[in-house]
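To start, the structure itself, in structure tokens.
The values are calculated or read from the model by the stated rules, or taken from the named source; none is laboratory data. Model, not experiment: these values are computed from the prediction. For neighbour counting, all protein chains shown are included, and Cβ atoms are generated from backbone atoms with ideal geometry for every residue, glycine included.
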Amino acid sequence: MNDLAIVVPLKEFARAKSRLRDGGVVGVDDHIREMATRVVVACRPRRVFVPCESDDVEEFARALSLTPLRTAADTLNEAVTLAYRQLSDEFSRVMIVHADLRYPEGLGQFEPRGGVTIVTDHRGRGTNVLVVPTSLDFRFSFGEDSARTHQFESERIGAEWRVVRDSPWRFDVDEPEDLL
């Protein structure tokens, strides 16, 4: 069994990052592609899987030699859960990485300790990177206060966990001012 698979879920480019679009940012699709490319390149040499629902994202993944996982999931949590289950027979751990990290360098060399690792956003509330052993019946809860929710989930199932707050991966791009 391989040790760690990286999952980078991507929403259809034309529908992603609504707060940037609503904030008047020009060329959002280009920003998204550029950020996602930097993230997946930083994940090498590990295998990267991309849960997606669109042809556009699947083509993007294949062009970068990634493995697309087509899903009909309605939410990020559903897409991640499906990928986690699908990869659990081949890998002992899955690392979920958001594609909007400003400083993704080092993702492919990260060697998390055992148990669940929660890398928070710079506010300490969101989860930008999450490592979960595939032997767990883990419920993903990305969204508002996800760092705390993932911590509670780890406790609920009796999994060892740790929170990382000082990682360079804590900076993501959600609002127009995050691009500065």
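Taking the conditions (1) under 18 Å from Glu78 (Cα atoms); (2) hydrophobic (A, V, I, L, M, F, W, C); (3) touching a helix residue (DSSP H, G or I) at 6+ places or on another chain (Cβ under 8 Å) in turn, Val131 satisfies each one other than (3). Assess whether Arg47 counts as being at pLDDT 95 or above, on the phi < 0 side of the Ramachandran plot, touching an Asp or Glu at 6+ places or on another chain (Cβ under 7 Å) and surrounded by 13 or more Cβ atoms within 10 Å (Cβ to Cβ). No; evaluated as a whole, the condition is false for this residue.
Scanning the stretch 83-100 finds one or more residues that are at pLDDT 95 or above, under 18 Å from Glu12 (Cα atoms) and in a helix (DSSP H, G or I). Within the stretch 133-173, the residues that satisfy the criterion of being assigned to a helix (DSSP H, G or I) and either without any contact (Cβ under 8 Å) to a residue 60 or more places away in the chain or at positive phi (or both) are Ser146, Ala147, Arg148, Thr149, His150, Gln151, Phe152, Glu153, Ser154, Glu155, Arg156, Arg170.
The set of residues from the stretch 122-160 being under 15 Å from His98 (Cβ atoms) and hydroxyl-bearing (Ser, Thr, Tyr) comprises Thr127, Ser141, Ser146. Only one of the numbered conditions (1) assigned to a loop (DSSP other than H, G, I, E, B); (2) modelled with pLDDT of 95 or more; (3) surrounded by 14 or more Cβ atoms within 10 Å (Cβ to Cβ) is violated by His122, and that is (2).
Residues are listed down the side, and each one gets a yes or a no for (1) surrounded by fewer than 16 Cβ atoms within 10 Å (Cβ to Cβ); (2) closer than 18 Å to Leu76 by Cβ; (3) at pLDDT 90 or above:
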| position | (1), (2), (3) |
| --- | --- |
| Phe142 | no, yes, yes |
| Ser146 | no, yes, yes |
| Thr149 | no, yes, yes |
| Glu153 | no, yes, yes |
| Ile157 | yes, no, yes |
| Glu160 | yes, no, yes |
| Ser167 | no, no, yes |
| Asp172 | no, yes, no |
| Leu179 | yes, no, no |
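Scanning the stretch 55-106 for residues that are in contact with a strand residue (DSSP E or B) (Cβ under 9 Å, 6 or more places away or on another chain), in contact (Cβ under 8 Å) with a residue 24 or more places away in the chain and among the hydroxyl-bearing types (Ser, Thr, Tyr), we see that the one that is surrounded by the most Cβ atoms within 10 Å (Cβ to Cβ) is Tyr84.
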